[in-house]
Amino acid sequence: MKDYHKLSDIQADLNAGSINCVSLVEDYLKRIDENQDLNAFVDVYAHDARARATVIDAKIKHGTAGKLAGMVIGIKDNIVYKDHPVSAASKILDGFQSLFSATVVERLLEEDAIIIGRLNCDEFAMGSSNRFSKYGAVKNPLDKDRVAGGSSGGSAAAVSAGLCLASLGSDTGGSIRQPASFTGIYGFKPTYGRISRHGLIAFASSFDQIGPFARSAEDISTLYEVMAGPDNFDNTLSKQEVKKASEAELPKKLRIAYFKDALESEKLDPKVREESERIIKELEEQGHEVKGIDFPFLDTMVPVYYILTTAEASSNLARYDGIHFGYRSENAHDLESTYKLSRTEGFGPEVKRRILLGTFVLSSGYYDAYYGKAQKARRLVQDKTNEIFEDFDLIFSPTTPHTAFRIDQVESDPTQMYLEDIFTVHANITGCPSISLPLAKHENGLPLGMQFTAQRFKEAELLAFAQTLVHN
Amino acid sequence: MANTTVSPDIRAKYEPVIGIEIHVQLNSLSKAYSSDATEYGASPNTQISPITLGHPGTLPMFNEAVLESAVKLGIAVQATIREHNEFARKNYFYADLPKGYQITQDLTPICNGGFIEIKDAEGKPKKINLTRIHMEEDSGKSSHDIDPFHTLIDLNRAGVPLLEIVSEPEFRTGDEAYQYLTEMRRLVRYLEISDGNMEEGSLRCDVNISVRPVGQEKFGTKVEVKNLNSFRNVQKAIDYEINRQIALIEDGGTVVQQTFTFDAARGKTQLLRDKEDAHDYRYFNEPDLQPVEVVEEYVNSVKAGLPPLPKELFEKYRKLGLSEYDAALLTDSKEIALYYEAIIAHTNNYKAAANWMMGSIKSYLNEKAAHIKDFPLKAEQIAELIQLVDDSKVSNTAANGDLFKALLENPEKSAAELAEQMNLIQESNTDELQAWVNEALAKYPDKVEEYKAGKKGLTGLFMGEVMKLSRGKADPKLASKLVQETLEK
């Protein structure tokens, strides 16, 4: 099997008749089978995929195939698909099957994508290493002793290893971009309010956003354009028109900002800084204006992020109570023990930690000091970011402060792990679209993502820019 | 148990302070945040979609009908309608709350202020001010008494829209609370936003009660009484609780912040839980719903579409010359008022129309245990009956009696036509009448003498005879005039 990097190549071969969807699916299934040790897939829909491949081959023959014909895709285990199990990698959803499909799933299927399985992730998308999963850690295909990143680790590893052409993830604080960076692929988080969250298992509702992983900027755009746009099931969606990347008018000279203090931070791996500076130089050589600016909220963002997301999570995860669906403790004997035992046994350590933290910051007596204050700080970060976008088109940074770390690396202090998100949370706090591009390599041989963030609803420009970068 | 009999002297030393929270279940066809149906009495767990069930990945949708209902009520009670409305989550665990939180409004209720008018103990008008009205969703229903070993849960009710109406603590007696609830129920029914039915749970209320020595500014410790199932029980619970608290304080005790239910059979409040069990609801902004902006044009358009309100109709009827009593009865229910409105669209005899409503029509409805909407006659037909009487064509007795009865049996016929057929058209031909008068007087020559000697009360006897002779067809007004004229000759 050819190692395809973009859908247009697959479609060219499909049209030429050198391959068909059935053979394509078989090839992917074979690779999935050969790479089981990555622990990327938690469920493979081989039967479904083969059946759909047959149907789509017929459509191709009749010239009625959708835009995504030939796209074999995996979905993160927190995006629901009618009549299929979904668990958010948590024991608490044991035995649960969804009664409906996420809007994004519907839209992919309408355009004839083939969903080949669901992908491992951190439990309820909480984590940066994909080690907090009931299915166990996902391995990085580029170095199996290392993590694939999180929380969408399975989605990243599967695409990086060529087990599917693209995948869906969700990004609440970097859960698409960080694993994309660790595995050397493209990962995109659109503007908050751009892609329906209907069918995405909520972690933090005002931060969560579904987005694609792919092996080309082109495929990122294609998937984004299929999935984006209004949906009656999600009240928080924007009514703004979805512009295609191909329709974006990009000025020759873009104004690109980076946060000076972030690049000069001691926490940053020196090689990451070096690579970032190399990219800056390249951008300047391409005729763009790149300027370091002050951003006074660098140290504020991670705490703000963790206060607000855990608060929302504590409420969003209240429904997993052992009463109506999912896991119920065998030892439960009344209402209270059903709650206590089912939740104690059903949730993993990181999820419990965040529920406790979120419950605490919303408690009366602490609300103003934590949640209330964090909300104000979020507003300040948003205002400051809007100000930056009055003078700049894009904000640049490395996606992560270092490359993929070892799976056996032990963190005694969980807040240390939270600092993983230092570059990525900005886009979630502000709702801005942000993409990680595989533009650099560390001297340790591992890939390193470079992140570009645009103003809200400027996906078309951001994606068009991403495509020019890669072509250069 | 404290002695709860309190002498009037001691009672007078204290001022009760009472506030009421009402939950009105809206009658929208679909739920507050999903398209599930809301029909009362459907088989358990049949009006439930993944959204109602709180399944993973579901999000609330916003039902605009809820907003409209809230704005209607806000306008009717003259509240201030908020422009920027946010939703909040109220977090608590319960088996009939599938999401583990209720979507409600916390800091930005749709309405603030407004009032309901009642009468105080002396009959003087009293305003009960409202603190707020906000939109929220109902929980499911837990039944603890159907299965001996399990609690059964019906989620049909989960997500049904509610308005919570919070009053200022301005009630002083159980009677005031009773009046307020009655008025609020009448209002939501007039507005057609709720059935206002306590038995079906579409109107529920909780009461906060405290007492303080007269003249003291600081409120006493309040207790809450929940799960009240009728307005009378609200009244009784309040009166009981006022006495209990006064007696307790008089005995040297202190009121503790607790939650009670009302045991209607024993006429007593009963402890439900102590304050230590109070929830911390951890309210915060509902991130799944965008704020709703209520613009002035929208409020105006709702205002323009409002049906007439009971207070407006009451004032109108007073101006038409009806007594306070009549006006109050006619406006008691919207359907009655609307029927009355329909009659007076066809007649100017407002008093006669009111008499019909509260006389023959009401008797008919009572007798048949029927609702005005099932009343077989059109308002025009009642107006026609009134006209026949006014024109002296049919006697009032006949109109309300045989003719009304016949018309009910033949609602397709006109009243005049039936009156003709039944030979009920009054004789107003003076010659024939004069003949009956002469015959009647001739029958009682000695009574005529007595009359002439000054016993004027005998007119009734002669009139009775005239009516008898004419078989009721004599126009009583004209006959009476002729009897007198003949006697005075």
Worksheet entry | Residue match in segment A:36-43 (condition: in contact with a Cys (Cβ under 7 Å, 6 or more places away or on another chain) and at pLDDT 95 or above) | no
Item to complete: From (1) within 14 Å of another protein chain (Cβ to nearest Cβ); (2) over 21 Å from A:Ala464 (Cα atoms), pick out the condition that doesn't hold for A:Ile195.
Response: (2)
Response to the item:
A careful count of residues in segment B:136-164 that are in contact with a helix residue (DSSP H, G or I) (Cβ under 7 Å, 6 or more places away or on another chain) and closer than 26 Å to B:Lys222 by Cα gives 1
Practice prompt. Please enumerate the residues belonging to segment B:279-301 that are out of contact with any Phe, Trp or Tyr (no Cβ under 6 Å at 6 or more places or on another chain) and acidic (Asp, Glu).
Written response: B:Asp280, B:Asp288, B:Glu293, B:Glu296, B:Glu297
Worksheet entry | Criterion violated by B:Gly57 - all others in (1) part of a strand (DSSP E or B); (2) free of Cβ contacts under 8 Å to residues at least 24 places away in the same chain satisfied | (1)
Practice prompt. Run down A:Glu249, A:Glu218, A:Glu241 and say which single residue is charged (D, E, K, R), farther than 25 Å from A:Ala89 by Cβ and part of a helix (DSSP H, G or I).
Written response: A:Glu218
Worksheet item: What single numbered condition from (1) away from chain A (no Cβ under 14 Å); (2) under 26 Å from A:Asp234 (Cα atoms) fails to hold for B:Leu130?
Response: (2)
Worksheet entry | Complete set of residues in segment B:201-247 that are part of a strand (DSSP E or B) and without any contact (Cβ under 8 Å) to a residue 60 or more places away in the chain | B:Val223, B:Glu224, B:Val225, B:Lys226, B:Asn227, B:Leu228
Worksheet entry | Options B:Asn355, B:Asn348, B:Asn366: the member that is over 30 Å from A:Val361 (Cβ atoms) and not in a helix (DSSP H, G or I) | B:Asn348
Worksheet item: What about A:Asn386, is it in a helix (DSSP H, G or I) and away from every other protein chain (no Cβ under 14 Å)?
Response: yes
Discussion item. So, in segment B:251-278, how many residues would count as being outside any strand (DSSP E or B), surrounded by 14 or more Cβ atoms within 10 Å (Cβ to Cβ) and touching a Phe, Trp or Tyr at 6+ places or on another chain (Cβ under 9 Å)?
Written reply: 0
Item to complete: Sort through B:Asp274, B:Asp288, B:Asp280, B:Asp251 and tell me the only one that's among the charged types (D, E, K, R), within 14 Å of chain A (Cβ to nearest Cβ) and in contact (Cβ under 8 Å) with a residue 12 or more places away in the chain.
Response: B:Asp288
Worksheet item: Which one is surrounded by the most Cβ atoms within 10 Å (Cβ to Cβ) among residues in segment B:279-315 that are charged (D, E, K, R) and modelled with pLDDT of 95 or more?
Response: B:Glu286
Fill in: Complete set of residues in segment A:198-228 that are away from every other protein chain (no Cβ under 14 Å) and hydroxyl-bearing (Ser, Thr, Tyr)
A:Ser216, A:Ser221, A:Thr222, A:Tyr224
Worksheet item: Which ones in segment B:397-439 are assigned to a helix (DSSP H, G or I) and polar (S, T, N, Q)?
Response: B:Thr397, B:Asn400, B:Gln421, B:Thr430, B:Gln434, B:Asn438
Item to complete: For segment A:65-77, indicate whether the set of residues that are touching a helix residue (DSSP H, G or I) at 6+ places or on another chain (Cβ under 7 Å), buried (at least 19 other Cβ atoms within 10 Å of the Cβ), among the charged types (D, E, K, R) and not in a loop (DSSP other than H, G, I, E, B) is non-empty.
Response: yes
Worksheet item: Looking at this structure, is A:Ser329 modelled with pLDDT of 95 or more, out of contact with any strand residue (DSSP E or B) (no Cβ under 7 Å at 6 or more places or on another chain), small (Gly, Ala, Ser) and assigned to a loop (DSSP other than H, G, I, E, B)?
Response: yes
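Okay, residues lined up against (1) closer than 24 Å to B:Thr151 by Cβ; (2) within 14 Å of another protein chain (Cβ to nearest Cβ):
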{"residue": "B:Glu64", "(1), (2)": "no, yes"}
{"residue": "B:Lys72", "(1), (2)": "no, no"}
{"residue": "B:Ile81", "(1), (2)": "no, no"}
{"residue": "B:Glu86", "(1), (2)": "no, yes"}
{"residue": "B:Asn91", "(1), (2)": "yes, yes"}
{"residue": "B:Ala95", "(1), (2)": "yes, yes"}
{"residue": "B:Gly100", "(1), (2)": "yes, yes"}
Fill in: Residue satisfying condition, being at pLDDT 95 or above and over 25 Å from B:Leu29 (Cα atoms), within set B:Lys99, B:Lys127, B:Lys119
B:Lys127
Practice prompt. Six or more apart or on different chains, Cβ under 6 Å: which pairs go from a residue in segment A:154-172 that's at positive phi and in contact (Cβ under 8 Å) with a residue 24 or more places away in the chain to one that's surrounded by fewer than 24 Cβ atoms within 10 Å (Cβ to Cβ) and assigned to a loop (DSSP other than H, G, I, E, B)? Could you list them?
Written response: A:Gly162/A:Asp3
Worksheet, complete the sentence: Here the residues within segment B:440-479 that are surrounded by 14 or more Cβ atoms within 10 Å (Cβ to Cβ), outside any helix (DSSP H, G or I) and not acidic (Asp, Glu) are B:Tyr444, B:Ser470, B:Gly472, B:Lys473, B:Ala474
Item to complete: For residues that are under 14 Å from B:Tyr101 (Cα atoms) and either more than 10 Å from chain B (Cβ to nearest Cβ) or surrounded by fewer than 24 Cβ atoms within 10 Å (Cβ to Cβ) (or both), tally how many sit in segment A:315-341.
Response: 2
Worksheet entry | Matching residues, segment A:336-354, being in contact (Cβ under 8 Å) with a residue 12 or more places away in the chain and more than 30 Å from the chain's Cα centre (by Cα) | A:Thr338, A:Tyr339, A:Leu341
Worksheet, complete the sentence: If we keep only residues of segment B:102-123 that are over 21 Å from B:Val24 (Cβ atoms), under 20 Å from the mean Cα position of the chain (by Cα) and in a loop (DSSP other than H, G, I, E, B), then the residue farthest from the other protein chains (Cβ to nearest Cβ) is B:Gly123
Worksheet, complete the sentence: A:Ile60 passes all but one of the listed conditions (1) more than 23 Å from A:Asn39 (Cβ to Cβ); (2) crowded, with 24+ Cβ neighbours inside 10 Å; (3) more than 11 Å from chain B (Cβ to nearest Cβ); the exception is number (2)
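The values are calculated or read from the model by the stated rules, or taken from the named source; none is laboratory data. All values derive from a computational prediction rather than experimental measurement. All Cβ positions, even for glycine, are placed from backbone atoms using ideal geometry, and neighbour counts span all protein chains on display.
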